[in-house]
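Bear in mind that the values in this text are calculations on the coordinates, not laboratory data. It should be emphasised that the depicted structure is a prediction, and the values quoted were computed from it without experimental measurement. Cβ placement follows ideal geometry from the backbone for every residue including glycine, while neighbour counts extend to all protein chains displayed.
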Amino acid sequence: MPSYRDLLRHSGLDAIDARALLCHALGVDHAWLIAHGLDSVPAGQLACFDSLAERRRQGEPVAYIVGEREFYSRPFHVTPEVLIPRPETEHLVELALARLPLDRAASVLDLGTGSGIIAITIALERPRASVLAVDASPTALAVAADNARRLGASMETRLGNWYSTIEPVRRFELIVSNPPYIVSDDPHLREGDLRFEPVSALTDHADGLSCIRQIVAGAVRHLAPGGWLMFEHGYDQGAASRALLTAQGFAGVRTECDLAGIERVTLGCLESRPPL
Ligand code: GLN
């Protein structure tokens, strides 16, 4: 029988993926594997690991195989009905938190919440904020609600297409979103992990900006005076996003880059309008 270490070395998988799958198959953590690296692997565990490793070799993302991905240092459940959390999205959360003082109540809207990573992280980091998480997919919303319960976040969830189910008079200090923004014919949609993710969370089936246009237009009706809108977008959508916000009268419009130096989040503030 091979040792755990042999199994990891000869799996044919990326080392980090192999370790994550083995820990999941065994129900142990990384420290346990280090301590038991030279032990022989019982046959049952070998078979279990082999079947997970084979799914990975067929391209299935590790996050869907193990059903979990970390975001902002917390474990979130993920299913193929929701996008796999990306580290870039932590930047959007940080920009949101910077505008939400710890000691002040604020209402926050997360449009297209998916697994709930943005809404839940904000609710946990800013306990005085009241957070509403919206998604058009009932299965995604169920994942978000389950993550909120597991992580002890208090937030409201609502089924709806962007603002369609938000009361017309309801206003927020902050609106955040990681919408589908990939152009419909982008070849990346047919590569790697993206092949397994929900297509409606990745692409708008158009020019990549159609959801962003709806989010910006609706924000004018749903932001409180002085409120901020911020959303994630593709590497080449910064200028178009800034133009959309500026055209709607937003102030302080700018784009922030992610750690790779790529334009990733555009934000702007809706100042109170002068009386007509
Ligand atoms: N950032 C993701 C990707 O390019 C896309 C996420 C999204 O469309 N919101 O893989």
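Quick notes
- From 221, 254, 213, residue being free of Cβ contacts under 8 Å to residues at least 60 places away in the same chain, touching a Ser or Thr at 6+ places or on another chain (Cβ under 8 Å) and charged (D, E, K, R): 254
- Residue selected from region 180-205 under the condition part of a loop (DSSP other than H, G, I, E, B), charged (D, E, K, R) and farther than 21 Å from residue 141 by Cβ, by the criterion farthest from the ligand (Cβ to nearest atom): 185
- Members of region 242-254 found to be assigned to a strand (DSSP E or B) and either of a type in the set (Gly, Ala, Ser) or surrounded by fewer than 17 Cβ atoms within 10 Å (Cβ to Cβ) (or both), listed by number: 251, 252, 254
- Scan of region 181-210 for residues that are touching a residue at least 60 places away in the same chain (Cβ under 8 Å), surrounded by fewer than 20 Cβ atoms within 10 Å (Cβ to Cβ) and within 23 Å of residue 263 (Cβ to Cβ), ordered by number: 192, 193, 202
- Screening region 207-234 for residues that are within 16 Å of the ligand (Cβ to nearest atom) and part of a helix (DSSP H, G or I) and picking the one that is farthest from residue 96 (Cα to Cα) gives 210.
- Residue that is more than 16 Å from the ligand (Cβ to nearest atom), more than 25 Å from residue 144 (Cα to Cα), surrounded by 14 or more Cβ atoms within 10 Å (Cβ to Cβ) and of a type in the set (Ser, Thr, Tyr), where the choices are 51, 11: 11
- Being away from the ligand (no atom under 16 Å from the Cβ) and either farther than 16 Å from residue 232 by Cβ or surrounded by fewer than 24 Cβ atoms within 10 Å (Cβ to Cβ) (or both) is a property that holds for residue 153.
- Of all residues in region 157-172 being in contact with a Pro (Cβ under 9 Å, 6 or more places away or on another chain) and in a loop (DSSP other than H, G, I, E, B), the one that is farthest from residue 114 (Cα to Cα): 171
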